[in-house]
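The values are calculated or read from the model by the stated rules, or taken from the named source; none is laboratory data. Predicted model only: the values in this text are computed from it and were never measured. Methodologically, a virtual Cβ is constructed for each residue, glycine included, from the backbone with ideal geometry; neighbour enumeration extends over all protein chains shown. Calculation scope for accessible area: heavy atoms of the full protein, side chains included, ligands and nucleic acids excluded. Shrake-Rupley method; radii C 1.70, N 1.55, O 1.52, S 1.80 Å.
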Amino acid sequence: MNPELSCTDASGKAAEFGPLKDGYMFETSTGLSRKLLSPPTCPVLEALGKKLSFEIAVGLNGRVWVNAASPDTIVVVANAIMNSESLSTAQQIIMVENLLKNIQ
């Protein structure tokens, strides 16, 4: 059987989320997934969101799903997230700026 990835709220109900189609799913550490979900907004996601349009779903189990109109955008977002774990806030912002320079 193929696994099915779906997005639910805290009570386990689909609540207008439903199955996650297309996009790219990858695994991170549970620590990174908590950073992505916790306030204030994660610096990587904030910096990427200022320049790129994408959707993201993050699970506490470390699974992250990213979707965008362009495959290039999906790759940039996934790489930025995966590379951000051991970087400081300032280093994360610099990394995102460098990634965005390379795709424009």
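Assorted remarks:
- Selection from segment 17-44 of residues that are in a loop (DSSP other than H, G, I, E, B) and loosely packed, with under 13 Cβ neighbours inside 10 Å: PHE17, LYS21, ASP22, SER29, SER38, PRO39, PRO40, THR41
- Considering only residues in segment 64-88 that are closer than 19 Å to ASN102 by Cβ, out of contact with any Cys (no Cβ under 9 Å at 6 or more places or on another chain) and among the small types (Gly, Ala, Ser), the one that is most open to solvent (accessible area, probe 1.4 Å) turns out to be ALA69.
- Pick from segment 45-63, criterion outside any loop (DSSP other than H, G, I, E, B) and over 20 Å from LYS21 (Cβ atoms), ranking: least open to solvent (accessible area, probe 1.4 Å): LEU48
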